[in-house]
Number of protein chains: 2
Amino acid sequence: MLTFLSSQTGVINLARNKIVIIGGVATGPKAAARARRIDPDADITIIDKGELFSYAGCGMPFYIEGLIEDVNELMCTPLGVVRDESFFKNAKNVRVLGKTEAIKINRDSKRITVKNLRIDEIQDIEYDKLILATGAHPVTPPIEGIDLARVYQLNNLKDARAIRETLEKGAKEIVIIGAGLIGLETCGAFVSRGCKVTIVEILDQILPGLLDPTMAALLTNYLKDKGVKILVSEKVTKIEGDEQGYVKKVITDRNEINAEMIIVAVGVRPEAKLAKEAGLKLGDMGGILVNEYLQTNDPNIYAGGDCVENLNLITGINSYVPMGSTANKHGRVIGDNITGGKTTFPGITGTIVFKILNYNVGKTGLGEKHAIDLGYEPITCIRPSPDCAHYHPSTKPFIIKLIVDRKTEKILGGQGLGAGEVVKRIDTLATAIKFGATVKDLVDIDLGYAPPYSTAIDAIAHAANIIRNKIDGLAKGISPIQLKEKIEQNDDFILLDVRTKKEIEKKTFKDKRVNLIPLGSLRDKLNQLPKEKEIIIYCQSSLRAYEAQRIIEGEGFKDVKFLDGGLLAWPYDL
Amino acid sequence: MLTFLSSQTGVINLARNKIVIIGGVATGPKAAARARRIDPDADITIIDKGELFSYAGCGMPFYIEGLIEDVNELMCTPLGVVRDESFFKNAKNVRVLGKTEAIKINRDSKRITVKNLRIDEIQDIEYDKLILATGAHPVTPPIEGIDLARVYQLNNLKDARAIRETLEKGAKEIVIIGAGLIGLETCGAFVSRGCKVTIVEILDQILPGLLDPTMAALLTNYLKDKGVKILVSEKVTKIEGDEQGYVKKVITDRNEINAEMIIVAVGVRPEAKLAKEAGLKLGDMGGILVNEYLQTNDPNIYAGGDCVENLNLITGINSYVPMGSTANKHGRVIGDNITGGKTTFPGITGTIVFKILNYNVGKTGLGEKHAIDLGYEPITCIRPSPDCAHYHPSTKPFIIKLIVDRKTEKILGGQGLGAGEVVKRIDTLATAIKFGATVKDLVDIDLGYAPPYSTAIDAIAHAANIIRNKIDGLAKGISPIQLKEKIEQNDDFILLDVRTKKEIEKKTFKDKRVNLIPLGSLRDKLNQLPKEKEIIIYCQSSLRAYEAQRIIEGEGFKDVKFLDGGLLAWPYDL
């Protein structure tokens, strides 16, 4: 068992609160720093099996891209000080034991057994409070050839360095297995470096569980435009190598793809082995279960970061959304509670944002399918919009999808993507959702308006108004998926394009059901439309189509709808 | 009295809801468009004394700057269609009477008397519902010479055109009277065009009532760096012209300033003359009083936009904050309510954002002094922060001030400025304030995090944590103003700089009370500090200074504080 001298007084202080933290990234160092600020006498130890601590894991794709030159930048404070063992010692009075693996928690004796990997020695360390900040590990699928050289997972800085080195050696053809968050972030980095990227995803869309199908399809279109090959509903069966053991080819159930490097990014799982072996309770997703104080079922053991499940504030059900932001918040809450505080972490709304090439992408809350699965009756709207006044030179487009519960009119979720400012809207939605905002509340928020920042009524308020119109029976939308089905089923209806002649000439549906009447002359030409037929109106964004719906209905037509999101949000071929 | 044929049927429909709207910008057209969508049969007329309707007034500074080439862009829909009388007729079936001034409201007979300014003819128009969207007018101070040529106010597109023409004729020396929102927005436009700008403000800071003194001082420093001359607590007494009647010079109570053009921007007042003469109730600020349905004390008359006062959701007291966003929201609410709806406009939180050169500036809620005046005990924090991960190449700095009520711990207001992304934070705060969020709620919001968008714990959550630390007695801050007073009073205390040697060498207080001990060696050098003296610690941002405060207090020191916001938020000379 280790004993330590108090750094301040040179005397062993038996009354000191012995805090032991397993895990040296995000939650762990944050908890240590917070605990130190509250309790100057606490005896704080961080254990990590690696040699690099407290680095910015979320920055790895930018290091791979080359936007960040030196990997050390991810390990430095904003002042350029590397957060190594001596930094923690001097600046924080926190002991860090690197290359030290925790192998057992002995809850009865309140000790953990650790192995010093440098000298292969086993020791026990006493704790009063133990913090599990063990993070997550990537899932390794059982694919033949996955052990070949230049097949990587992006789990830590060592992986990031290896990937970048392989790029610098000239690898150009890259296959990414898995179209989740890490897969797409690294995809963006590779494309920026001029690589030829293929993504293989076993499910039927990119970012499953993160974006709804239409939004995922829109992002897919963007990536295809940038030269990315995206194969969905496709399973990797084998990875082949060359004579030197380097990867050469990915074999799927439908294709063979040349590959000089492979990134395996099929998901991460909470690292909860130690907790499980110690009899701590895990949740359905395998994460450590904690209460609102981030306490496990052992009151002396806390857990936070990527190894725990979090309460979803909308559903009241646990979810697993490992995020650097949550991990840091956890660290602070734990730091409070292991030093006598009573701070809560109420839960998450499941906010995820990321940048891929020039697109900003984000979501918060529930997706449409998830909402349906949970018994909600979601009513949705897809709205393409400029991110600021259309006449301002900095204007960029984006598309937002809003999901609202018809019964309570509460906002369930939102998703956005595009070159425009998406994240601001996601943050507003995350804030609104946290407070149980209704769609009317969203309209009423006094958001900042000036031409470089938003439209006078911001896109999310517009989207909320569209949903209110739908709830009130004023607006009748049809989703892109529904329209696609109707077109393919050869239903008998009228597809009414109400844009200007110039716009129509550029691009419209190639379908014999299309009628063209620009909105400006619609009132005069209503007699051209048959009253008995279903009419589906579209325009660029759905603004004019909605207006046309109201005009046509005003003349007694009964079956009139507009295409949600218009052609700008139409993700299929025309 | 005018009568109109129904455009649809050619028959006079006596049952139609006759809606008359006075004012053709923002609220008016919005109310008309919304009313039309709900009631296809309504008879809708907009009256405006000008010739240009539904233009984007907020875009005028960008037109002056030249970012927007053609003034028509401010009058077009996103599709490039000019919103003129025939646009309203064809697309909206709304009659617009331009060059028509409403001169009297006859509430008993439900008619308004209007004057056709083109042919100087007076007529009456019947209404069922009347909407006052008369906007605001700029205050014209009684200054000798204010009628000279090239003295402008920026009230409408005509003014904007005249100002830009004067610039294009070569005017370079410009004096702006009034450092409010319009004064600063035009200042930015002029500086971008290479003009030499002087701002004269009668009060003791720029943006009085909008930014707190420290924040205003920081923005003043930025503008001075950009070559703007800012004269506060200074009164313009006279404007002098040359022989041709062009402005030549501004005389103040302290200076004489050459001027080839003058912008008078000392504030705007609600245009409520018509309402007042008709016996409608006005508020203390001269705006029309409306209930939550935006109805005046005459149930058939509604009012919205810059001519009304709005309920402040924090104080429960009316305020006058004319904003294009609010005006558009009003229009929609009124459009609902004049067609049988019951839609509310609950109120505002007083959000204002604007861009000046490369700085983003914004506020929402109450300022510190306003909060004190209302009986709150505000507790504040000034936090300089990168707007995203410090290692990401797109990172830019900004400074946020957060104002919280000590008793309820509710957020009262926030202010931000800098090159970094300020508006996103202001929007989040505006949303949080709307829902009565406490400072702990703010910390808990699941904001989107990825390195290009924010730090893992966003700056506003950091600021909220600092305030929680202050409330809990952990953090003890001193504001820049308080420290400045102490320095000037020659108080006996220690000014402790805990930055690195390299930082200290670049810039620190020039004061004999300064002691230098970098944070990393502070624990070893505590004996250098006298226990009986007051110690005020500073660093770059206050992060290390707070940590130092905790270390020093841990050794039994009693009177230790840190400088709020550090040197980055220090607005005075060192």
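The values are calculated or read from the model by the stated rules, or taken from the named source; none is laboratory data. Since the structure is predicted, the reported quantities are computational estimates derived from the model, not experimental observations. Quick reminder, even Gly has a Cβ in these numbers, built from the backbone with ideal geometry, and neighbours come from all protein chains shown.
Details
- Selection count where residues are among the hydrophobic types (A, V, I, L, M, F, W, C) and within 14 Å of chain B (Cβ to nearest Cβ), scope region A:362-397: 3
Listed here are the residues, each with its yes/no results for (1) more than 30 Å from A:Ile411 (Cβ to Cβ); (2) modelled with pLDDT under 95; (3) of a type in the set (D, E, K, R).
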| position | (1), (2), (3) |
| --- | --- |
| A:His462 | no, no, no |
| A:Asn465 | no, no, no |
| A:Asn469 | no, no, no |
| A:Gly473 | no, no, no |
| A:Lys476 | no, no, yes |
| A:Asn490 | yes, yes, no |
| A:Leu495 | yes, no, no |
| A:Val498 | no, no, no |
| A:Lys501 | yes, yes, yes |
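- Qualifying residue in region B:554-561 (condition: surrounded by 16 or more Cβ atoms within 10 Å (Cβ to Cβ) and under 38 Å from the mean Cα position of the chain (by Cα)): yes
- Apart from one condition, B:Ile517 fits all of (1) more than 41 Å from the chain's Cα centre (by Cα); (2) at pLDDT below 95; the exception is (2).
- Enumerated strands (runs of 3 or more DSSP E) restricted to region A:249-312, each holding at least 2 residues that are among the β-branched types (Val, Ile, Thr): A:261-264
- Of all the criteria given as (1) farther than 27 Å from B:Asp441 by Cβ; (2) without any contact (Cβ under 8 Å) to a residue 24 or more places away in the chain, the one not satisfied by A:Ile399 is (2).
- Strands (runs of 3 or more DSSP E) contained in region A:475-574 and holding at least 2 residues in contact (Cβ under 8 Å) with a residue 24 or more places away in the chain: A:494-497, A:535-538, A:560-563
- Complete set of residues in region A:128-172 that are over 18 Å from A:Lys249 (Cβ atoms), in a helix (DSSP H, G or I) and in contact with a strand residue (DSSP E or B) (Cβ under 8 Å, 6 or more places away or on another chain): A:Asp159, A:Ala162, A:Ile163, A:Leu167
- Residue match in region A:475-482 (condition: within 18 Å of B:Lys329 (Cβ to Cβ) and in contact with a Gly (Cβ under 7 Å, 6 or more places away or on another chain)): no
- Tally of residues being within 18 Å of A:Ala430 (Cβ to Cβ), in a helix (DSSP H, G or I) and in contact (Cβ under 8 Å) with a residue 24 or more places away in the chain across region A:326-357: 3
- Single residue of region A:51-66 satisfying the filter (more than 9 Å from every other protein chain (Cβ to nearest Cβ) and more than 22 Å from A:Leu130 (Cα to Cα)) that is surrounded by the fewest Cβ atoms within 10 Å (Cβ to Cβ): A:Gly66
- Sole residue being in contact with a Gly (Cβ under 9 Å, 6 or more places away or on another chain), assigned to a strand (DSSP E or B) and in contact (Cβ under 8 Å) with a residue 40 or more places away in the chain, chosen from A:Ile125, A:Ile112, A:Ile46: A:Ile46
- Within region B:531-568, considering residues that are within 14 Å of chain A (Cβ to nearest Cβ) and hydroxyl-bearing (Ser, Thr, Tyr), the one farthest from B:Ser385 (Cα to Cα): B:Tyr546
- Pair list, Cβ < 6 Å and 6+ apart or interchain, from region A:211-237 residues that are touching a residue at least 40 places away in the same chain (Cβ under 8 Å) and surrounded by fewer than 24 Cβ atoms within 10 Å (Cβ to Cβ) to residues that are in a loop (DSSP other than H, G, I, E, B) and of a type in the set (S, T, N, Q): A:Pro213/A:Gln205; A:Val232/A:Gln205
- Whichever residue in region B:413-448 is closer than 25 Å to B:Trp570 by Cβ and in a strand (DSSP E or B) and, among such residues, is farthest from the other protein chains (Cβ to nearest Cβ): B:Gly418
- Residue match in region A:36-50 (condition: surrounded by fewer than 24 Cβ atoms within 10 Å (Cβ to Cβ), at pLDDT below 85 and hydrophobic (A, V, I, L, M, F, W, C)): no
- Qualifying residues in region A:289-326 (those that are of a type in the set (A, V, I, L, M) and closer than 17 Å to A:Leu274 by Cβ) - the one nearest to the other protein chains (Cβ to nearest Cβ): A:Leu294
- Of the residues examined, A:Lys410 is not one that is under 30 Å from B:Ile68 (Cβ atoms), free of Cβ contacts under 8 Å to residues at least 60 places away in the same chain, more than 11 Å from chain B (Cβ to nearest Cβ) and surrounded by fewer than 22 Cβ atoms within 10 Å (Cβ to Cβ).
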